1. May I ask you to derive the relative contact order of the chain, considering only C-alpha pairs under 8 Å and at least 6 residues apart, and to give it as an integer percent?
2. Output the antiparallel fraction of DSSP beta bridges having both residues in the chain, as a percent to the nearest 5.
3. Hey, in the GNM for the chain with a 10 angstrom Cα cutoff, which one of 108, 70, 116 fluctuates hardest?
4. Report the calculated FRET efficiency for residue 33 and residue 107 (r = Cβ-Cβ distance, R0 = 25 Å), to the nearest 0.05.
5. Any chance you could give the angle, 0 to 90 degrees and rounded to 10, that helix 79-92 forms with the longest Cα principal axis of the chain?
6. Highest first, please rank the peptides 87-93, 98-104, 62-68 by the mean number of other Cβ atoms sitting within 10 Å of their residues.
7. Compute the acute angle (0 to 90°) between the alpha-carbon long axis of helix 129-142 and the principal axis of greatest extent of the alpha-carbon atoms of the chain; round to the nearest 10°.
8. If the chain between residue 17 and residue 142 were fully stretched, how many nm would it gain, using 0.36 nm times the residue separation less the Cα-Cα distance?
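Any read-out appearing in this document is the output of simple, stated calculations on the displayed coordinates, not a laboratory observation. Here the structure is a predicted model, which means the values were calculated and not measured. Please note: Cβ atoms are built from the backbone with ideal geometry, for glycine as well, and neighbour counts cover all protein chains shown.
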């Protein structure tokens, strides 16, 4: 995990510690699979990870990933959840493009949860299986049972 300066601003040391704390919740096997494969999470000051120079997003996002790198805005109130969410996207891509979220067993679970009304629109989880996976992953490791907004 690294800090990236944007417009001369960098995340504070305490924010880096909080983001690392989120990852320490995870099994070592997950960390080794993602971080050991050269994938990385980069933290940016502010609330818009889309300002990261490798992503250039116009829409304001708290986190974004491309399979090999993720950017997370550390000033968002749910930074730890966003770190875990984006980490899951990197994990999902470790063995090929979205290996977990496109597995028929995961898709069946996702579709059953949609049918049961358990899937929210937040982060497009209701239309993208990989977003439901990442959000479920973050909530599980944070011990959350409520909505995140």
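1. On the way: 234 pairs, mean separation 29.7, N = 149.
With pairs under 8 Å counted, the relative contact order is 20 percent.
2. On the way: 4 of 12 bridges.
Within the chain, antiparallel bridges account for around 35 percent of the total.
3. Sorting by GNM fluctuation, first place goes to 116.
4. Numbers: r = 21 Å, r/R0 = 0.86.
Computed FRET efficiency for residue 33 and residue 107: 0.70.
5. 60
6. Numbers: 87-93: 24.0, 98-104: 14.9, 62-68: 19.3.
Ranked by mean Cβ neighbours within 10 Å, highest first: 87-93, 62-68, 98-104.
7. 70
8. Numbers: separation 125, 0.36 × 125 = 45.00 nm, distance 1.60 nm.
Going from the current span to full extension adds 43.4 nm.
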